Each structure stands twice: as structure tokens, then as C-alpha cells.
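Following: one structure in C-alpha cells, then a few remarks.
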Amino acid sequence: MKYISTRGRAPSLSFEEAMLTGLARDGGLYLPESIPQMSHADIRALEGVSYEEAAFRVMRPFIGDAFTDAEFRGIIERAYAGFGHAARAPLKQLAPGHFLLELFHGPTLAFKDFAMQLIGQMFEFSLKRSGKRVSIVGATSGDTGSAAIEAFRGLDAVDVFILYPHGRVSEVQRRQMTTPVEGNVHALAIDGHFDDAQARVKDMFNDFEFRDGVRLAGVNSINWARVLAQVVYYFTSAVSLGAPDRKVSFTVPTGNFGDVFAGYIAKRMGLPIERLVVATNQNDILHRCLSTGAYRPDGVAPSISPSMDIQVSSNFERALYYAYGQDGGAVAQEMEALKAGGFTVSQGALEALRETFDSGRCDEDQTRAAIRETWAASGELLCPHSAVGVHVAEAERRAGVPMITLATAHPAKFPAAVEEASGIHPPLPERMADLYERQERVTRIANDLAAIETLIKERIAH
Ligand SMILES: *Cc1c(COP(=O)(O)O)cnc(C)c1O
């Protein structure tokens, strides 16, 4: 299996190379050259198997010869062993025809654990085999950083450095990053905003001497291996509602478009998905684009669902690649126009997107109302991101086709917003109830490239 760039001008890579590289050299994102198919019999055979076994069968055709079957099974087992629910991704019923896929039973209580835990184990395996080490550097506004630290803590071949804006992440998010005791974990609180943290990470990747010297690697949401890991739960949840003999639809709380794009891949593999509904908060560039064709960033207004507060949705480029009939040149042109302020999706491409995707928007008051009303109607306490999904799903669902809304984080990760909306204080799950007592360890650092690079070099020398 070869991987090609959405912009059509980077060398094609193996799965392992694409995973370790992240972004393609022409600025594009990697995609498989062709999409493996699952027959109805293959899909039906997923009924009743463990999440790990389903993960193996769904992902195996994508990885080529990166790992033997036994190695890959071991990687998957280790990745999901730390989840707090035997089903890994359990499905709950909210109302007749409306279901909630709980993706928050991983170690940091957000769906990002599904991909990050897997990628951690895959990195460790590949690097040990090649005798190499890497330094993973990332910027976070909260969820990605905690998921990355949790996935890479204690692994031998990796140091993980996460920059977060000092004083601007929730207490649960901060403690998840600062309390791991392993020496390869480095939480850095930068004096600045999230944009500063992200800009310094980009600077480091552009400083080639530094980049090569410390063997920098990235695990942000454009990494193909992360998308792939997320394809699995579309299959497991649809099968438990009767697929492939019955169609289902999904609503996905969306920011960078990684999660909902995984649903698109599942559909192209043969899973009978009727609609994929993109749910946005007040930062609604994707809803506007799917409604009008115009893709034009206009700033971010902070919301109570902060993991969806985006200006530019990086994985949307992958959907555009297919909408433009796999024409990398056309995608590259739109991305050039984006640098100058925005672009308008061609009529043909917009029609292609609408064959699969619907969209909806949920403002702050509607988010709070969805938390309150869902609690009253079903006793399910939603995090604000999941509430955005439930609100949009209610408007978009059609008779006769079950709707599955993805619950992307645990309510206890965003206790203030949940309590304000519902009057209920969401408790942390038992297994992390002592989070508030654990010792914190963090390095406060200036928003200064040289200072950050010096610190990283010193830390990895030990
Ligand atoms: C990252 C995140 C999202 C958005 O997912 P994308 O793949 O970026 O679209 C939604 N909800 C939560 C809780 C998240 O952490």
C-alpha cells in the first residue's frame, strides 16, 4: 500500500514512512493510493467480535508490510488496554432512533485517545526496530497535548514535549499533562496564547538544523495513522445497529475534520452510511462552506466547546481531494487561494461533497440547552462538544435511518460549562479520581524560540 499527497507533488511513501513524516513535502496530506474494500460478508462478520479484533480487520489492509499480523495485534492490544470500558466505544440510546457513541473512556477522557494510543505503540515499535529515537513536539489548547503525553509516557524511543499556553487550559487538561512522572514527558507552559505555542512549533520544524539534530516528529491531526485509527468505531457502532443490512447516519462534532473524515473513509470502504453530518459550534467555517461553497476564515470566537474552535480545518483538504476527482493540482490551487484569504469550492466539487455530507451549527445557548435537555430526557450528561453534535443531529435525522452522534469527550473534562448548563457537577471516573492530589511537574518558558530549543536539546542529552 502506497500513500500519495493530496497536492500530487510529493514522493509516495509506505504506511510507516507516512506515519513518521506527517505532512507531505509539497504541503499536502497523505492518503492511500486506493481504498481497500470490505464486502458485506466481511462487515457482517464483525458482529460480536472484540473492539481489538475489529480494529485489526479494518486497519490491516492499510498498513502494508509495516508490521506482521502478530505484531499488529500486539500493538492494538497494548493501545486499548488502558481504556476504562470493556467495549472501548460503547453505544447508548438517547431517544428512539438516536444513539450516542461514547468515545471518552480512554485515559484522557477524549476520543483523541483512540488514535493517539495506537500511534504511540506504532511509533515505539518502528523506532525500536530501527534503533532510532525521536523528539515529539506539539502545541495544544488542551485535548491533543494530554492525549499525546498519555500515549508516549514511559516509551523508550521517544521524548515528548508539549507546549501549552500558561493559564489558558482547563485544570483537568493541565493536570493530565503535568502529573505523569515519567522522565520522557516534558510539559512546557509558554507565556502566550495557543497561537504563540503553535507558531513556535512551526518555527522548530522550519529550523532544519535543529529539526534534524533532535529528530523532530509531529503527531498532529493530519497524521494519516490517526485518521485510520478513527475509522474503526464507525464500523463497530454501525454493525451493532444492524449494518450492513441496515443503513445508519452519523453526526460528528467537528473542528479539524479528522474524525468525520474517518467516517468518509469507512463509507468508501463499503460501510453503508447514509449521511455524515458535520456539526460545528459558532466557529462555523465548515457549515458555511458546505452550505454556500465559500471557504473563508474570519477569526475565532472562543466557545465552551474549545476543541472545535478553529479558523482553518486542516483535514478538510482530504475531502476536497476526493471532491475534486483526485486532482492534486486543483487542491494545490485552492490551498494557494486560501493563503490569500479564501476560495470557493467549484460547483461540481460542492455537489460531490453534498452526496455524503450535511452540516449544522450550534451556538452557545443551544449548546447549554442541549446539555440540560439531554440530561432531563435521558440521564446522559454530555460534554459541550457532544452537545453540539446532539443539537445538530436532532435537526438532521431522518425517519427510518438510525442516527449515531459521536460523544467526543467526557463531561468531567469540562466541568464548569457542564455544571453551568445542567446544575450537575460531573465527577471524574474512579480510576482518575486522585488527579487533583497528584504532584505537578511543569517548566514555565518564555515565548522565545531559542530558549525552547535550548531546553529541548538539554533534556534529550540526558
Ligand atoms: C479534537 C476534538 C474535536 C474535533 O475533532 P476533529 O477531528 O478535529 O474534527 C471534537 N471534540 C473534542 C472533545 C475534541 O477533543
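The values are calculated or read from the model by the stated rules, or taken from the named source; none is laboratory data. Quick caveat, the model's predicted, so the values are computed rather than measured. Here the Cβ positions follow ideal geometry from the backbone for every residue, glycine too, while neighbour counts run over all protein chains shown. For the accessible areas, the whole protein counts, side chains as well, though only heavy atoms, and no ligand, DNA or RNA atoms are used. Shrake-Rupley method; radii C 1.70, N 1.55, O 1.52, S 1.80 Å.
Overview of values
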read-out	value
Exclusive hit being in a strand (DSSP E or B) and either among the aromatic types (Phe, Trp, Tyr) or within 16 Å of the ligand (Cβ to nearest atom) (or both), set ILE136, ILE162	ILE162
Those residues of region 11-21 which are crowded, with 20+ Cβ neighbours inside 10 Å and assigned to a loop (DSSP other than H, G, I, E, B), in sequence order	none
Qualifying residue in region 365-382 (condition: modelled with pLDDT of 95 or more and within 30 Å of ASP159 (Cα to Cα))	no
Residue ranges of helices (runs of 4 or more DSSP H) in region 180-256 with at least 3 members more than 13 Å from the ligand (Cβ to nearest atom) and open to solvent by 20 Å² or more (accessible area, probe 1.4 Å)	194-206, 208-214
Within region 285-322, tally of residues that are part of a loop (DSSP other than H, G, I, E, B), closer than 23 Å to GLN366 by Cα and away from the ligand (no atom under 16 Å from the Cβ)	3
Selection count, region 391-410, where residues are in a helix (DSSP H, G or I) and open to solvent by 10 Å² or more (accessible area, probe 1.4 Å)	4
Out of ALA95, ALA139, ALA86, ALA151, sole residue that is farther than 20 Å from VAL49 by Cα, aliphatic (A, V, I, L, M) and surrounded by fewer than 18 Cβ atoms within 10 Å (Cβ to Cβ)	ALA95
